[in-house]
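The values are calculated or read from the model by the stated rules, or taken from the named source; none is laboratory data. Source: prediction; values computed, not measured. So basically every Cβ, Gly included, is an ideal-geometry build from the backbone, and we count neighbours across all protein chains shown. Ligands, DNA and RNA are stripped out before the accessible areas are found, and what is left, the full protein with its side chains, is counted by its heavy atoms. Shrake-Rupley method; radii C 1.70, N 1.55, O 1.52, S 1.80 Å.
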Amino acid sequence: MSLRGSFLKQSVYYEIFRDVRNVISREKQIKGGSRAKKIELINGMNAGWKDLYKGL
């Protein structure tokens, strides 16, 4: 397995959960969606695609 190119460059979207089972379920839901749906999700929260990491 190669990790090349799989490192986080910036955080443009996040959700907060209290229960790890909900996190896992949501991750699977997002990963199963199309690229267009993922872009729509990001644009709904962070239209400028600014790095949100510092604000966490």
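Which length gain, in nm to one decimal place, applies between F17 and R35 when the Cα-Cα distance is subtracted from 0.36 nm times their residue separation? Mind showing how you got there, number by number?
Details: separation 18, 0.36 × 18 = 6.48 nm, distance 2.30 nm.
Between F17 and R35, full extension yields 4.2 nm more.
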Q: Pull up all non-local amide H partners of V12: gap of 5 or more, or a different chain, and H-to-H distance under 5 Å with H placed in the peptide plane.
A: L52
**Q.** Dipole of the chain, positive end: most advanced residue of F7, I42, G55 [Cβ charges, Cα centre]
**A.** F7
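Could you size up the charge dipole of the chain around its Cα centre, putting +1 on the beta carbon of Lys and Arg and -1 on that of Asp and Glu, and report it in debye to the nearest 20? Before the final figure, lay out each step's value.
On the way: 12 positive and 5 negative charges, 32 e Å.
Approximately 160 debye in magnitude.
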Q: Determine the calculated [θ] at 222 nm for the chain from helices alone, applying -39500 (n - 2.57) to every DSSP H run no shorter than 4 residues and normalising by the residue count; nearest 500 deg cm²/dmol.
A: -13500 deg cm²/dmol
(Q) Can you tell me which lysines have their Cα less than 17 Å from the Cα of K54? Leave out same-chain residues fewer than eight positions away. (A) K9
Q. With labels modelled as points extended 7 Å from the Cα through the Cβ direction, what inter-label distance (nm, one decimal) is found for F7 paired with N43?
A. 3.1 nm
Q | Accessible area (Å², per residue) of the chain, counting only protein heavy atoms and a probe of 1.4 Å | A | 96 Å²
